[in-house]
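One structure is given here, and the rest of the page talks about it.
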């Protein structure tokens, strides 16, 4: 497993990380034994960066990580998020409430100080108001957190955050079905020493190449109840692309790939071919998926012709299908 620097934190993190939303049982039930196996497998594969949030399973994901890390001799970097809990969202943001939420996260994680706290897709008016960054600066100064970043839904939000002098990282939607950050954000992130954390690298599983039109998702899985953006931003589910259209686009792209190229490998390797990316937080509901994702770190970069094919396919076929903005 190769490592990269995570922005201003200076942390060396694995370029394939583990997204831990599923450990909150938000994609369907994951038993405690399987959750522990997933986490242990990640460490065995060289993964040293884990991403969670206080709202994943109402704190269950953080709690499971906290219990698991007690068994480790060497501690990984654990990032969590703040801002979507009902005590804050949508209009009750203040420094005291954020501090209380972060302290609760630290307790569940079993840490004195949080490695990286990320604003969790807070409302645009709160983000652009700017006060929330001053509160995060204060909490860093107070020793509640070591570093702070932001997880955002839209590129204009990412660009705005990137200009903040103490922002260490940005978590964004980025994959071969959502490529605009390459030109609009990455040069600025590199200039400002902001590490990019990629979520939804496989567009909620579409780019695994295994989804079919008759695939049935658990009723508690956001890919069932949020496929049209009913519960939260539509872009967080299948990249904002209607599921049926997404499946069709994947099949079209698979037919265009050079012989021997697997769409899952291509999808993850394409992201890693961008040096501004610090880590991909790929989710996994089974240990075998962790092993599969981690293996991509050892693959060689894609060649220029394949990069050109993927760019053209996105611009001509995919971009127009994305709902909710970019």
Within the stretch 65-75, tally of residues that are in contact with a helix residue (DSSP H, G or I) (Cβ under 7 Å, 6 or more places away or on another chain) and within 20 Å of residue 15 (Cα to Cα):
2
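A quick yes/no check of all residues on (1) surrounded by fewer than 22 Cβ atoms within 10 Å (Cβ to Cβ); (2) not in a helix (DSSP H, G or I):
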| position | (1), (2) |
| --- | --- |
| 111 | yes, yes |
| 126 | yes, no |
| 143 | yes, yes |
| 156 | yes, no |
| 161 | no, no |
Could you list all residues from the stretch 91-109 that are touching a helix residue (DSSP H, G or I) at 6+ places or on another chain (Cβ under 9 Å) and either touching a residue at least 60 places away in the same chain (Cβ under 8 Å) or assigned to a loop (DSSP other than H, G, I, E, B) (or both)?
91, 93, 94
Per the list (1) farther than 19 Å from residue 297 by Cβ; (2) surrounded by 23 or more Cβ atoms within 10 Å (Cβ to Cβ); (3) in contact (Cβ under 8 Å) with a residue 60 or more places away in the chain, residue check on residue 23 breaks on (3)
Condition check: more than 30 Å from residue 84 (Cα to Cα), at pLDDT 95 or above and buried (at least 19 other Cβ atoms within 10 Å of the Cβ). Does residue 310 satisfy that?
yes
Kindly establish whether residue 183 is outside any loop (DSSP other than H, G, I, E, B), exposed (fewer than 15 other Cβ atoms within 10 Å of the Cβ) and either free of Cβ contacts under 8 Å to residues at least 12 places away in the same chain or touching a helix residue (DSSP H, G or I) at 6+ places or on another chain (Cβ under 6 Å) (or both).
yes
Every residue in the stretch 209-235 that is surrounded by 18 or more Cβ atoms within 10 Å (Cβ to Cβ), in contact with a helix residue (DSSP H, G or I) (Cβ under 8 Å, 6 or more places away or on another chain) and under 18 Å from residue 250 (Cα atoms), please.
209, 211, 223, 227
Identify, please: which residue in the stretch 283-300 is in contact with a strand residue (DSSP E or B) (Cβ under 6 Å, 6 or more places away or on another chain) and surrounded by 22 or more Cβ atoms within 10 Å (Cβ to Cβ) and is, among those, nearest to residue 79 (Cα to Cα)?
283
Which one is surrounded by the most Cβ atoms within 10 Å (Cβ to Cβ) among residues in the stretch 99-108 that are closer than 17 Å to residue 140 by Cβ and within 21 Å of the chain's Cα centre (by Cα)?
105
Just for helices (runs of 4 or more DSSP H) wholly inside the stretch 198-286: which have at least 1 residues that are within 30 Å of residue 116 (Cβ to Cβ) and in contact (Cβ under 8 Å) with a residue 12 or more places away in the chain?
222-225, 263-272
If residue 3 satisfies all but one of (1) closer than 19 Å to residue 147 by Cβ; (2) in contact (Cβ under 8 Å) with a residue 40 or more places away in the chain; (3) surrounded by fewer than 23 Cβ atoms within 10 Å (Cβ to Cβ); (4) in contact with a helix residue (DSSP H, G or I) (Cβ under 7 Å, 6 or more places away or on another chain), what's the number of the condition it fails?
(4)
Subset of the stretch 163-180, residues in contact with a helix residue (DSSP H, G or I) (Cβ under 7 Å, 6 or more places away or on another chain) and not in a strand (DSSP E or B), comes to 164, 166, 167, 168, 174, 176, 177, 179, 180
Scanning the stretch 287-309 residue by residue, the ones that are part of a helix (DSSP H, G or I) and farther than 25 Å from residue 51 by Cβ total 6
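The values are calculated or read from the model by the stated rules, or taken from the named source; none is laboratory data. Just so we're clear, the structure is a prediction, and the values are computed from it rather than from any experiment. Positions of Cβ are backbone-derived with ideal geometry, glycine not excepted, and every protein chain shown enters the neighbour counts.
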